[in-house]
Amino acid sequence: MNLFTPIQLRNLTLKNRIALSPMQQYSATNGVPGNWHMVHLGSRAVGGAGLILTECTAVSEEGLATLYDTGIWNDEQKNAWKNIVDFVHQQDAKIGIQLWHSGAKGSLKHPNERMKPLTPEEGAWIVKSSSATEINGVTPQELTIDEIQELTVKFADAALRAVDAGFDTIELHAGHGYLFHQFYSQVINKRQDEYGGSFDNRIRFLVETVQKVRKVIPEGMPLLVRISAVDYIDSEEAWTLEDSIALSKILKENGVDLITASGGGFTNVSKDKVYPGYQVPFAEAIKKQTGISTGAVGLITEAEQANTIIENEQADLVLIAREHLRDPYFAIHSAKKLGLETEVPWQYKRAF
Ligand SMILES: Cc1cc2nc3c(=O)[nH]c(=O)nc-3n(C[C@H](O)[C@H](O)[C@H](O)COP(=O)(O)O)c2cc1C
C-alpha cells in the first residue's frame, strides 16, 4: 500500500490518499463561496489530490467566525457550492464540506484587521458557547439546552443541503477550539447539566449531532470528524489523547468513518511541540486502538514523508494544508517523485 493506493470509505472511493486540508480563505460574501473558492479548490483538484475538503463552513449565521467565512444555511450558498462541486468532479476528484460552528470564537474582524472583535456598528453579534468561559478576551453567553438541540438540527439541515449540492462526504469540524471542542474540553465547559461535567456529558453535543447528521445523509456517504486530539494546554482539565481515543470509539459506533487528528485551538501551541509530522502519532494511536480510519495532518510537506505514513499504516489519509498553498500540484509532483502512476489533466500533459 502506498500514497496512491485508492481508499474506500463506505461507497466513496478516493483515487489516492492525499487530501486538501480545510483552509479558511476569508473571501466569501454573505457566506457565499465565489470565484476565489472555485480557483482555490479547483486548482488542487487539477493538481491531483484525491479528496478536496472545503474550508470550515458555517451551519448558521451566528456560526461564522468572521463575515468573510463560507456558509451553507441557505439555497444561494448551496447553489454556489454546487458549481464548485461539479468542477471538482470533472477533475476526477471527490469533495467534502467541512461543517462548523465557531461558538465563542465568532463575531471577529478579517485577519487583515488581526481578527479583533467586531464593533456593534460593524455588525457584532452575541457569541454563545458551552459556558461563559472567556476565550481570547471574549466571554460568551451559555447556550440553553433548547439552543443546543436546535444547533444539532442546523447541522443536519446543512448536511442535507450539502448532499443536495452533490458533495461526496461531510466532515464535522470538532477541533481547533470551536463549538464542539468548547463542549468536550473541560478547560471551557463548566456546565452543570447533561451537557457538562462527566466525559459522556461533554461529548453529548457532538455525539447527538453525529447521530442527527448520519440519519439524514445517504447510508453510502462517509461521515468524517476532525478533532483536536489534545489541547496542548498544561492543565489537569486539558483534553488528552486518551480522551480522543475514547471519543473516537463512540463516534465509530455512531457511524463516523474517519477521524482527522489535529490539535489545539484555545492557545498558541508552543514552538517546541511543532515539528514535521508532529500530529501523526495521534492519528496512529486512534487508528490502532479503535480500528477507525484516520487522517494525519500537521507539517506534512514531502512526498516521501506522506508516503511513509501510509506505508507504515500510521494513518489512512494525509491532509496537506500549507504545502498545498505553495504547490497546488502537490499530488502530481509526489507521484513523479515516488515513481508512482497518477493521471495528469489532458490539458497539462505536455508539461508533466
Ligand atoms: C490559512 C489556513 C486556514 C485554515 N483553516 C482551517 C479550516 O477552515 N478548518 C480546519 O479544520 N483547519 C484549518 N486550518 C488548519 C489546516 O487544515 C491544518 O490542520 C494546519 O494548517 C496544519 O497543516 P499544515 O502543516 O499542512 O499546514 C487552516 C490552516 C491555514 C494555514
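The values are calculated or read from the model by the stated rules, or taken from the named source; none is laboratory data. Predicted, not measured: the structure shown is a model, and the values here were computed from it. In this analysis, Cβ positions are derived from the backbone assuming ideal geometry, glycine residues included, and neighbour counts consider all displayed protein chains. Ligands, DNA and RNA are stripped out before the accessible areas are found, and what is left, the full protein with its side chains, is counted by its heavy atoms. Shrake-Rupley method; radii C 1.70, N 1.55, O 1.52, S 1.80 Å.
Does GLU242 count as without any contact (Cβ under 8 Å) to a residue 60 or more places away in the chain, open to solvent by 40 Å² or more (accessible area, probe 1.4 Å) and either in contact with a helix residue (DSSP H, G or I) (Cβ under 6 Å, 6 or more places away or on another chain) or not in a loop (DSSP other than H, G, I, E, B) (or both)?
yes
Could you say which residue among THR301, THR308, THR260 is open to solvent by 10 Å² or more (accessible area, probe 1.4 Å), closer than 30 Å to GLU341 by Cα and within 11 Å of the ligand (Cβ to nearest atom)?
On the way: THR308 fails: within 11 Å of the ligand (Cβ to nearest atom); THR260 fails: open to solvent by 10 Å² or more (accessible area, probe 1.4 Å).
Selected residue: THR301, the only one of THR301, THR308, THR260 that is open to solvent by 10 Å² or more (accessible area, probe 1.4 Å), closer than 30 Å to GLU341 by Cα and within 11 Å of the ligand (Cβ to nearest atom).
Among the residues of the stretch 98-122, write down those that are more than 13 Å from the ligand (Cβ to nearest atom), assigned to a loop (DSSP other than H, G, I, E, B) and crowded, with 22+ Cβ neighbours inside 10 Å.
Residues satisfying the conditions are GLY106, SER107.
Which of the residues belonging to the stretch 190-210 are open to solvent by 10 Å² or more (accessible area, probe 1.4 Å) and closer than 20 Å to VAL59 by Cβ?
If the condition is that a residue be open to solvent by 10 Å² or more (accessible area, probe 1.4 Å) and closer than 20 Å to VAL59 by Cβ, then ARG204, VAL207, GLU208 are the ones that fit.
Which one is nearest to the ligand (Cβ to nearest atom) among residues in the stretch 23-41 that are open to solvent by less than 20 Å² (accessible area, probe 1.4 Å) and more than 20 Å from GLU113 (Cβ to Cβ)?
Ranking the qualifying residues of the stretch 23-41, first place goes to HIS40.
Just the residues that are assigned to a loop (DSSP other than H, G, I, E, B) and within 7 Å of the ligand (Cβ to nearest atom), please, taken from the stretch 311-329.
Within the stretch 311-329, ALA321 is the sole residue that qualifies.
Considering only the stretch 42-68, state which residues are more than 12 Å from the ligand (Cβ to nearest atom), among the aliphatic types (A, V, I, L, M) and in contact with a helix residue (DSSP H, G or I) (Cβ under 7 Å, 6 or more places away or on another chain).
Result: ALA45, ALA49, ILE52, VAL59.
For the stretch 287-298, name all the residues that are more than 11 Å from the ligand (Cβ to nearest atom) and either in a helix (DSSP H, G or I) or crowded, with 16+ Cβ neighbours inside 10 Å (or both). Explain how you work it out, then say what you get.
Filtering the stretch 287-298 down to residues more than 11 Å from the ligand (Cβ to nearest atom) leaves 287-294.
Once the filter is applied, which keeps residues that are more than 11 Å from the ligand (Cβ to nearest atom) and either in a helix (DSSP H, G or I) or crowded, with 16+ Cβ neighbours inside 10 Å (or both), the stretch 287-298 yields LYS287, LYS288, GLN289, THR290, ILE292, SER293, THR294.
Being hydroxyl-bearing (Ser, Thr, Tyr), part of a strand (DSSP E or B), within 16 Å of the ligand (Cβ to nearest atom) and within 12 Å of LEU247 (Cα to Cα), is that true of even one residue in the stretch 182-204?
No, the stretch 182-204 has no match at all.
Here's the yes/no breakdown for (1) touching a Gly at 6+ places or on another chain (Cβ under 6 Å); (2) of a type in the set (Val, Ile, Thr); (3) buried (at least 19 other Cβ atoms within 10 Å of the Cβ):
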| position | (1), (2), (3) |
| --- | --- |
| ILE95 | no, yes, yes |
| LEU143 | no, no, yes |
| GLU147 | no, no, no |
| VAL153 | no, yes, no |
| THR169 | yes, yes, yes |
| ALA174 | no, no, yes |
| LEU179 | yes, no, yes |
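Can you tell me which residue within the stretch 155-167, out of those that are surrounded by 22 or more Cβ atoms within 10 Å (Cβ to Cβ) and among the small types (Gly, Ala, Ser), is farthest from the ligand (Cβ to nearest atom)?
Of everything passing the filter in the stretch 155-167, ALA159 is farthest from the ligand (Cβ to nearest atom).
Return only the number of the condition from (1) within 21 Å of PHE352 (Cβ to Cβ); (2) part of a loop (DSSP other than H, G, I, E, B); (3) not acidic (Asp, Glu) that TYR26 does not satisfy.
(1)
Could you tell me how many of the residues in the stretch 267-286 are more than 10 Å from the ligand (Cβ to nearest atom) and out of contact with any strand residue (DSSP E or B) (no Cβ under 7 Å at 6 or more places or on another chain)?
Our first condition is that a residue be more than 10 Å from the ligand (Cβ to nearest atom); within the stretch 267-286, this holds for 267-273, 275, 280-286.
Retained after the next criterion (residues that are out of contact with any strand residue (DSSP E or B) (no Cβ under 7 Å at 6 or more places or on another chain)): 267-273, 275, 281, 284-285.
Residues that pass the stated criteria total 11.
Any idea which of (1) within 24 Å of PHE330 (Cβ to Cβ); (2) of a type in the set (Phe, Trp, Tyr); (3) under 19 Å from the mean Cα position of the chain (by Cα) is the one TYR232 doesn't satisfy?
Checking TYR232 against (1) within 24 Å of PHE330 (Cβ to Cβ); (2) of a type in the set (Phe, Trp, Tyr); (3) under 19 Å from the mean Cα position of the chain (by Cα), the one that fails is (1).
Given the criteria of a type outside the set (Lys, Arg) and touching a helix residue (DSSP H, G or I) at 6+ places or on another chain (Cβ under 6 Å), does ALA165 qualify?
In short, yes.
Search the stretch 87-105 for residues that are within 17 Å of LEU151 (Cβ to Cβ) and pair each with any residue that is among the basic types (Lys, Arg) and within 16 Å of the ligand (Cβ to nearest atom) when their beta-carbon atoms are under 9 Å apart and the residues are at least 6 apart or on different chains.
Partner pairs satisfying both residue conditions: GLN98/ARG226.
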